[in-house]
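J.: Below is the structure I would like to discuss, written out as structure tokens.
The values are calculated or read from the model by the stated rules, or taken from the named source; none is laboratory data. Since we're looking at a predicted model, the values are computed, not measured. For neighbour counting, all protein chains shown are included, and Cβ atoms are generated from backbone atoms with ideal geometry for every residue, glycine included.
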Amino acid sequence: MSRRTPRLPMRLESLILFCTGVWLLIPAAWASQADRAQPIDVAANEKVTDYKNGTSIYTGNVIINQGSLHATGSKATLYVKDGQLVRAVLEGSPATFQELDDKGLLVKGDANNANYLAQEQKVILTGNAQLFRQGDTLDSQQITYDMKAEVVQAGGKAGGERVHVVIQPRGKNQTKNAEPNTTPSATPSASPEKPAQTPPQTVQP
């Protein structure tokens, strides 16, 4: 006579299923935070390190990788404390970056200068700046993107400067974002966009 396996109580069974579901969501939901625990991999033609001040200056075809973070430039200054990347300032034509945000969405950007604040999960793009997210694009001379708060600020104080956005249509089952205000110095809460007249520059993975 076969012995029947006792069934778990309904409450315990539900708790196990819930915990399993949450665990499966963790890699995507905490992508950018998990990057901080990954090793920093930098390649360049030349490097000068100031150990006293915790800075390293890389020049010549600079490539930076840390988890999902991928950044490039002709010059990069890295600020490291206790083995953790605090800040990276990249220069290039253009300097580029891409990283998965806390929702697992790929965010890309390029500009003449990119100031990446790793611990604050914020990037400041200056000079011919472009930002790409969820198919939407944003062009401005200066863009500040707070990945943690999901806040974008574009534009500046320069007279005559304009911000150009392009928003892709969303499906009924996709997340709908409100259209941002496209006036200079606006802080849109929606996904960033890019102008129609200039094709986006491809950010190499």
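J.: Consider Gln197 carefully, then state whether it is farther than 26 Å from Arg36 by Cα, at pLDDT below 90, surrounded by fewer than 16 Cβ atoms within 10 Å (Cβ to Cβ) and within 18 Å of the chain's Cα centre (by Cα).
T.: Here the answer is no, as Gln197 does not meet what is asked.
J.: Of all residues being more than 23 Å from Thr49 (Cβ to Cβ) and of a type in the set (S, T, N, Q) in the stretch 79-124, which is surrounded by the fewest Cβ atoms within 10 Å (Cβ to Cβ)? Just the residue, please.
T.: The residue in question is Ser93.
J.: Would you tally the residues in the stretch 44-59 being of a type in the set (Lys, Arg) and in a loop (DSSP other than H, G, I, E, B)?
T.: Qualifying residue count for the region: 1.
J.: Between residues in the stretch 61-74 that are of a type in the set (Ser, Thr, Tyr) and residues that are assigned to a strand (DSSP E or B) and surrounded by fewer than 18 Cβ atoms within 10 Å (Cβ to Cβ), which pairs lie under 6 Å by C-beta distance while being six or more apart or on different chains?
T.: Going by the 6 Å Cβ cut-off, the qualifying pairs are Thr72/Ile63.
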